[in-house]
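One structure below.
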Amino acid sequence: LRDFLLVYNRMTELCFRHCVCNLNYRLLTGREESCLDSCAARLVRANHRLMGAYVGLVPALLQRRAAEHGTPAGPSGLPASPDPAAGPAES
Amino acid sequence: MDPLRAQQLAAELEVEMMADMYNRMTQACHRKCVPPHYKESELSKGECVCLDRCVAKYLEVHERMGKKLTELSLQDEELLKRMQQGTGSA
């Protein structure tokens, strides 16, 4: 419920920022209302799609990480440490 | 869960969300109505009026978003029910 309410607040902020540009009136204009309706629908659909993609990709990612964790290589996600200097530089 | 405890948690969550909404509204309206010119400390009449209207509009947008979200989630529920009925009867 908390996550849903946070999404609700974020949606309000985003759509307000994008759709409400004319502050000469106290009430919403027709243009602003249709923009807000489209904005809400688009954000909800985008959220659904995002969730679907995330749910599809995360199991493979976790499997890969578990496989890497099992190998004796360096820590996952970090580049390999460079080789130490060969010797003192010649003057 | 104890109903009284559930009610208390719901009230706390509502307060938290109202505070979050207030902070976002403040940020949005400040961005729209108060230009970053700091020569004078007083707000002009135009800026004051803009802030009043901004708050009114933001609250209206908040209400509209809530109704739209409810409508969209009901539509999704209907679609899901129809799909489940479809697979059940097949």
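Some values worked out for this structure:
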item	result
Number of the exception - A:ALA85 against (1) at pLDDT 85 or above; (2) over 22 Å from the mean Cα position of the chain (by Cα)	(1)
Number of the condition not met by B:ALA10 [criteria: (1) more than 19 Å from A:LEU28 (Cα to Cα); (2) loosely packed, with under 12 Cβ neighbours inside 10 Å; (3) more than 9 Å from every other protein chain (Cβ to nearest Cβ)]	(3)
For B:MET1: the one exception among (1) more than 8 Å from chain A (Cβ to nearest Cβ); (2) touching a Leu at 6+ places or on another chain (Cβ under 9 Å); (3) modelled with pLDDT of 85 or more	(3)
Pairs where the first residue, in segment B:52-81, is of a type in the set (Phe, Trp, Tyr) and the second is surrounded by 12 or more Cβ atoms within 10 Å (Cβ to Cβ), C-beta under 8 Å, 6+ apart	B:TYR58/A:THR12; B:TYR58/A:PHE16; B:TYR58/A:VAL20; B:TYR58/B:MET25; B:TYR58/B:ALA28; B:TYR58/B:CYS29
Residue within segment A:22-29 that is within 21 Å of the chain's Cα centre (by Cα) and surrounded by 17 or more Cβ atoms within 10 Å (Cβ to Cβ) present	no
Condition met for A:ARG26 (in contact with a helix residue (DSSP H, G or I) (Cβ under 9 Å, 6 or more places away or on another chain), farther than 23 Å from B:LEU74 by Cβ and assigned to a helix (DSSP H, G or I))	no
Residues of segment A:6-24 that turn out to be under 19 Å from B:GLU47 (Cα atoms) and within 7 Å of chain B (Cβ to nearest Cβ), as a count	4
Top-ranked residue in segment B:30-50 [being more than 9 Å from every other protein chain (Cβ to nearest Cβ) and assigned to a helix (DSSP H, G or I); ranked as most open to solvent (accessible area, probe 1.4 Å)]	B:LYS45
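The values are calculated or read from the model by the stated rules, or taken from the named source; none is laboratory data. Just so it is clear, the model here is predicted, and its values are computed rather than measured. Heads up, the Cβs are rebuilt from the backbone with ideal geometry, glycines too, and the neighbour counts pull from every protein chain shown. Just the protein is used for accessible areas: all its heavy atoms, side chains included, with ligands, DNA and RNA removed. Shrake-Rupley method; radii C 1.70, N 1.55, O 1.52, S 1.80 Å.
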